[in-house]
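J.: Got a structure for you, questions after.
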Amino acid sequence: MLQKIKNIHVFYFFVVSYILVNSYVLLFDRGMFYLYNMIPIFLLIVLLGIFDIEKIMYLMVFSTPLAISLKELGMSDGLNLSLPAEPLMIGITLIYILNEISHGITDKKILRHPITIIIFLQLAWMVITTFFSELPIISVKFIISRVWFLTSCYFMCTQLFKHKQKIVVHLLLYGVALAIVAIITTYKHAAFGFDEKTADWIVSPFYNDHTAYGCALAMFIPVVAGLILIKDINIIIKGLCLLLLTIFLISIIVSYARAGWLSLAVSLGVLATLFLKIKFRTLLFTLVGGIIMFLAFQSEILMILGRNNTDSDGDFMQNIESMTNISTDVSNVERLNRWNCAIQMFEEKPFLGFGPGTYQFLYAPYQKSSMKTVISTNFGNKGNAHSEYLGPLCEQGFMGAIFVIALVLAVMFLGYRLVYTIKEKSLKTLTIVLLMGISTYFVHGFLNNFLDTDKASVPFWGFLSMLVCIDVYHKNKLEEEIKE
């Protein structure tokens, strides 16, 4: 009884102290008022992190599309954390590492999975190339951020996705938050008559440009469409998914995100090959053959593309046609400029590269005056190599690109294998739409790279974690239940 009384008095002491200090701040230091009143929220998050990490992970997923960077808030010109998503990721990472050291929580099957092995090898190679980086501090920062993305969005999620229903919860949380962003963005865009020139900046402060926004929409359109078709999901969730699908389709059309449109078309091609039961090995040989044909006739192909002068400032069909305009479309020509710089940098340092995350700070001297555009810059402040494949090639040498390609091939091979072997219809449908969603990002990877941001890392590494967990925990579960 005395202990209880003592605890109550301690509790009241802290509450009264907090109120008194808050009153002082309000009267004499109003600049600290909002920061001071974040303390209870911070303490709540810490307590949840200790006693219920699952809620923190759900909070991280939901907050990511809505997160705003320090630069957008005008609070930093250097460190650019995305609030509140990245601090939550850092906290989850610390908790995961402590649990892994003390209890070894990660399933050995997950650690031995081919996808996980490739991720470890890729991360190890990044560390090696950092020792030879032109900008070591930048490379170290890049690796640290990649670690907290991987830990919070892939490894920790494998603990969550042991339960199949939590995969759906994860998808819906991100989807609903993305829909909120889409509604706000579309409403703002409508005020400008859905003008194509405003599409790039209207997504601020949630996304830094419309291509990243279009990438997220493209990844989730197949997913929410597929959830509608899964028999096990109740009618209310299906209604929500139908609403999300409608919002996403309208939003991606008015976003003028051409890479998003292209990636969705490719994902439908993936769906067609799955219905036709075409093996991924056959598709791979076809792709290699297509690349060889392109290299053999590249001069003729580039000459044909050079005749296209359709710019991306007209109607929907003109924007489609402008995708192959490499002569006057500023966005396309600037991409060619960045890609050319990346190839030149690779030729200069083919084995170890310039260091992870360094491209945007070092590519300027490699620009040719004939390839510069009105949006070219020499200050490293307008993005990176615009390619998930060429970026690692110049930053980490040829092995960096090989690990990226190995990850793509391993994920696609895993997806096709799962679809062809899973018997349970609802799980097969979920696997198909996850594969379609991840394929949209692989297509985006040819034109952009977003894995250094929280906005793309949560769905990308999350989808990979889902596919791995389906492979490890769920694909044979129905057969095991029948046997039991």
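J.: How long is the gain from Lys188 to Gln344 if the chain were fully straight, where each residue apart is worth 0.36 nm and the alpha carbon distance is subtracted?
T.: That pair, Lys188 and Gln344, stretches by 52.1 nm at full extension.
J.: Most exposed first by the Cβ proxy, i.e. fewest other Cβ within 10 Å, how do Trp261, Trp201, Trp339 rank?
T.: Neighbour counts put them in this order, fewest first: Trp201, Trp261, Trp339.
J.: Right, another one. Evaluate E = 1/(1 + (r/R0)^6) for Val16 and Leu70, where r is the Cβ-Cβ distance and R0 equals 41 Å; express this FRET efficiency to the nearest 0.05.
T.: Taking R0 as 41 Å, the efficiency between Val16 and Leu70 is 0.75.
J.: Tell me which of Leu172, Ser204, Ile230 sits at the most positive position along the dipole axis of the range 156-252, charges placed on C-beta atoms (Lys, Arg +1; Asp, Glu -1).
T.: Projecting each Cα onto the dipole axis, the largest value belongs to Ile230.
J.: A follow-up question, please. When only DSSP loop residues count, what chymotrypsin sites (Phe, Trp or Tyr not before Pro) in the range 132-192 have their Cβ near at most 13 other Cβ atoms within 10 Å?
T.: Counting only loop positions with at most 13 other Cβ atoms within 10 Å, the chymotrypsin sites (Phe, Trp or Tyr not before Pro) in the range 132-192 are Phe192.
J.: Based on the mean of other beta carbon atoms within 10 Å per residue, what is the order of 407-414, 465-472, most packed first?
T.: Values: 407-414: 18.4, 465-472: 23.4.
By packing density, highest mean first, the sequence is 465-472, 407-414.
J.: With each label point set 7 Å from Cα along the Cα-Cβ vector, what nm distance links Ser370 and Ile144?
T.: Label at Ser370, label at Ile144, 4.3 nm between them.
J.: Separate question: Are any of the pairs Lys55/Lys141; Lys428/Lys455; Lys109/Lys162; Lys71/Lys368 more than 21 Å apart by Cα-Cα distance, and if so, which?
T.: Violating the 21 Å limit, Cα to Cα: Lys55/Lys141; Lys428/Lys455; Lys71/Lys368.
J.: At 7 Å along the Cα-to-beta-carbon direction for both Leu249 and Leu287, put a label point, then send me their distance in nm to one decimal.
T.: 2.8
J.: Continuing with the same structure: Pull out the extension gain between Ile117 and Phe413, defined as 0.36 nm times the separation in residues minus the alpha carbon to alpha carbon distance; nm, one decimal. Working shown, then result.
T.: Values: separation 296, 0.36 × 296 = 106.56 nm, distance 1.50 nm.
Full extension from Ile117 to Phe413 adds 105.1 nm.
Just so you know, all these numbers are worked out from the coordinates, no wet-lab data involved. Because the structure is a prediction, the values reported are computed rather than measured. Neighbour counts run over all protein chains shown; Cβ positions are idealised from the backbone, glycine included.
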